[in-house]
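These notes concern the structure reproduced below.
Just so it is clear, none of the values below were taken in a lab; they were calculated from the coordinates. As the structure is a prediction and not an experimental result, all values here were calculated from the model. In this analysis, Cβ positions are derived from the backbone assuming ideal geometry, glycine residues included, and neighbour counts consider all displayed protein chains.
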Amino acid sequence: MSVHAMFHRRLLDSLKCRQLTAGQPKVLDYLQDHNGATQKEIAAACHIEPGSLTAVLNRMEQKNMIQRRMLGGNRRSLHVFLTPSGRRDQEAVRDAFLRLEEQVFQGIAEEDREVFMRIFQRIYDNLSEGGR
């Protein structure tokens with residue numbers, strides 16, 4: 001938990017000029033590959049409670065980072081799209097994350113990184129399976 005908190009704090013600090021708040025970087029990261037996802041899909045993928053996600057998305061919409069639209073006339077399901085401004089923020093998040101990842105793995109051999117990532121993925125999978 002300490003490593004996660006430090007990583008998150010460093011990430012937000014490096015993005016201070018973008019004025020991103022907690023939750024926004026992971027939503028931007030998810031939308032990079034899932035632009036047009038529903039709020040329900042984003043909440044599940046980002047492990048954010050739907051009510052909390054609504055607040056995050058409201059702030060993002062106010063800052064013109066995203067746009068929510070109905071597709072196919074379905075009023076019950078809003079789809080979330082990055083705006084050009086949101087895409088620039090998303091690129092800044094990606095770049096900051098890559099720089100921080102390099103710092104995190106400094107002095108650790110590539111082979112050890114790969115082993116760590118496999119183990120970390122297995123831990124994630126184990127928790128995901130146990131959480132159902």
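Output the 0 to 90 degree angle, nearest 10, between the alpha-carbon long axis of helix 50-62 and the longest principal axis computed from the alpha carbons of the chain.
Between the helix axis and the principal axis of the chain, the angle is about 70 degrees.
Rounded to the nearest 500, what is the chain's calculated 222 nm mean residue ellipticity when only DSSP H runs of at least 4 contribute -39500 (n - 2.57) each, over all residues?
-21500 deg cm²/dmol
Over the chain, what relative contact order in percent results from Cα pairs under 8 Å that are six or more residues apart?
Computed over the chain, the figure is 25 percent.
In the Gaussian network model of the chain, springs joining C-alpha atoms below 10 Å, which of ARG69, ARG18, ARG118 carries the largest mean-square fluctuation?
Most flexible of the set in this elastic network: ARG118.
If you average the C-alpha positions of the range 3-42 and of the range 69-132 separately, how far apart do those two centres end up, in angstrom?
Answer, in whole Å: 8.
Using alpha-carbon pairs under 8 Å, 6+ residues apart, how would you state the relative contact order of the range 47-110 in percent?
21 percent
Rule-of-thumb check for the range 2-130: C-alpha Rg over 2.2 N^0.38 Å?
Dividing the Cα radius of gyration by 2.2 N^0.38 Å gives 1.17.
So for the range 2-74, averaging the separation of alpha carbon pairs under 8 Å that are six or more residues apart and normalising by length, what relative contact order in percent results?
Worked out over the range 2-74, it gives 21 percent.
So for HIS4, HIS34, HIS79, fewest C-beta neighbours within 10 Å to most, what's the order?
Lowest count first: HIS4, HIS34, HIS79.
Note the angle between two axes, namely the Cα long axis of helix 84-104 and the longest principal axis of the Cα atoms of the chain, as a number of degrees from 0 to 90, rounded to the nearest 10.
That helix lies at roughly 10 degrees to the long axis.
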